[in-house]
Ligand code: PLP
């Protein structure tokens with residue numbers, strides 16, 4: 001199979017698999033006081049250092065979680081627990097991943113005010129729009145770094161700076177899942193108090209994530225128990241997956257420049273091919289991350305197209321992979337018409353994809369237009 005669904009998940013790299021296997025064989029519990037426990041603790045510490053290096057932060061600012069969904073849920077729930085008695089308003093972008101949008105919707109049901117900032121006509125999120133919405137009653141602003149459906153790359157640093165200028169007490173959270181390792185994410189400059197990342201988007205296995213918590217920022221944990229992760233996330237550490245995450249981060253960050261250059265070249269090759277393909281419209285902005293290209297194919301349903309491409313040996317995604325065929329509200333919030341949303345496909349790239357694979361995708365797309373019936 002040709003795999004163009006790397007924003008949904010990636011193939012674990014050899015280094016991450018080897019690190020997981022080694023940690024499973026050694027199997028100590030980091031909380032144990034004997035040698036095996038210490039050895040496991042050292043492995044966790046090394047992985048934490050790798051994440052800290054990638055995010056330009058201190059190791060103690062990293063909490064390991066089970067996934068980015070847990071990280072972002074923790075960020076929102078913690079903010080509410082600590083500040084939600086006095087303040088009632090949170091602000092998110094209208095194009096957040098469900099791992100932020102859904103907890104925010106739950107808070108809305110609980111009586112909080114949720115302001116959703118929509119992108120402008122060019123698909124941009126404007127710092128002024130966030131700052132304008134911030135007031136004395138606002139306790140949290142959450143904005144993603146890169147959108148998982150279109151690849152739109154948002155000016156998070158400017159957004160958080162504008163927010164903090166208006167009210168320095170507001171907590172800032174960033175879902176950085178689609179940006180992590182692929183572009184610079186210097187937490188010292190970004191202005192995020194909290195930031196979520198995930199392992200399986202960067203060639204680690206599924207089931208491991210992390211939450212960056214800026215030094216001095218308090219956190220009310222979701223999970224209470226044995227006091228692991230400095231009492232900020234109880235539960236015995238998943239040492240194998242933590243080690244795998246650390247190894248994948250090291251391998252990616254050692255090669256970010258080459259990988260991103262390879263992907264950028266492939267992206268422009270594909271964009272050229274797509275631009276000249278009949279009926280195909282590019283939905284991703286020109287300055288989107290090179291890792292994601294969103295298109296719509298006029299007159300064809302996403303799912304029908306997806307399964308046709310699958311039958312031709314090519315995996316892509318319809319809208320967001322997390323939504324399991326559920327209609328995305330995100331593309332609508334970007335201003336795309338229902339017809340464009342219904343026929344949207346997401347092609348997401350890896351440094352391992354080749355031009356030959358891109359050609360095969362382009363051929364399969366043009367075959368789809370010949371072989372499939374248009375929807376009326
Ligand atoms: N945030 C974004 C932008 C994503 O693309 C995803 C997964 O698709 C997530 C969060 C959720 O990550 P996880 O699967 O680690 O919970």
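Listing 350, 198 from fewest to most neighbouring C-beta atoms within 10 Å gives 350, 198. Note on the chain: GNM, Cα springs under 10 Å; of 35, 164, 11, the largest mean-square fluctuation is that of 35.
When both segment 221-294 and segment 40-64 are represented by their alpha-carbon centers, they are found 18 Å apart. Is the shape of segment 149-215 rounded, prolate or oblate, going by the alpha carbon gyration tensor and its root eigenvalues a ≥ b ≥ c, with a/c under 1.5 for rounded and a/b larger than b/c for prolate? Judged from the Cα gyration tensor, segment 149-215 comes out prolate (a/c at least 1.5, a/b above b/c). A Förster radius of 30 Å, combined with the Cβ-Cβ distance separating residue 35 from residue 60, puts the computed FRET efficiency at roughly 0.80. For segment 1-124, taking the reciprocal of the average inverse distance between every pair of different Cα atoms yields a Kirkwood hydrodynamic radius of 18.2 Å. Summarising the strand pairing of the chain, around 50 percent of its internal DSSP beta bridges are antiparallel. With the highest mean first, a sort of the peptides 75-82, 218-225, 185-192 on other beta-carbon atoms found within 10 angstrom per residue produces 75-82, 185-192, 218-225.
Using the alpha-carbon atoms, what tilt in degrees (0 to 90, nearest 10) does helix 355-371 show relative to the longest principal axis of the chain? It is inclined by approximately 50 degrees.
Let a ≥ b ≥ c be the square roots of the eigenvalues of the Cα gyration tensor of the chain; is it rounded (a/c under 1.5), or, if not, prolate (a/b larger than b/c) or oblate?
oblate
With R₀ set to 51 Å, the beta-carbon distance separating residue 25 from residue 303 gives a calculated FRET efficiency near 0.75. The value of relative contact order for the chain, using C-alpha pairs under 8 Å at least six residues apart, is 23 percent. Between 357, 136, 70, the residue with the greatest mean-square fluctuation in the GNM of the chain (Cα pairs under 10 Å linked by springs) is 136. Taking the centroid of alpha carbons for each part, segment 168-202 and segment 1-25 are 22 Å apart.
What's the exposure ranking of 64, 308, going from fewest to most Cβ atoms within 10 Å?
Working: 64 27, 308 18.
Listed from fewest to most nearby Cβ atoms, that is 308, 64.
Compared with the dominant principal axis of the Cα atoms in the chain, helix 239-254 is inclined by about 60°.
The simple spin-label model puts a point 7 Å past each Cα toward its Cβ; for residue 105 and residue 258 those points are separated by 4.3 nm.
Evaluate the relative contact order of segment 284-370 (contact order divided by residue number), counting alpha-carbon pairs under 8 angstrom at least 6 apart; express in whole percent. Relative contact order comes out at 40 percent. The stretch between residue 186 and residue 122, if pulled fully straight at 0.36 nm per residue, gains 20.4 nm over its current Cα-Cα span. Using a Förster radius of 45 Å, what is the FRET efficiency between residue 236 and residue 329 based on their Cβ-Cβ separation? Nearest 0.05, please. Efficiency, from the Cβ-Cβ distance: 0.75. By the beta-carbon count within 10 Å of each Cβ, the least crowded to most crowded order of 196, 50, 168, fewest first, is 168, 50, 196.
Compared with the dominant Cα axis of the chain, that is its longest principal axis, helix 68-83 is turned about 50°. Remark: relative contact order (segment 225-376) = 24 percent; criterion is Cα-Cα distance under 8 angstrom and separation of 6 or more residues.
Values in this text are rule-based calculations from the coordinates and carry no lab data. Computed from a prediction, not measured in an experiment: that's the story for all the values here. Cβ: placed from backbone, ideal geometry, glycine included. Neighbour counts: every protein chain shown.
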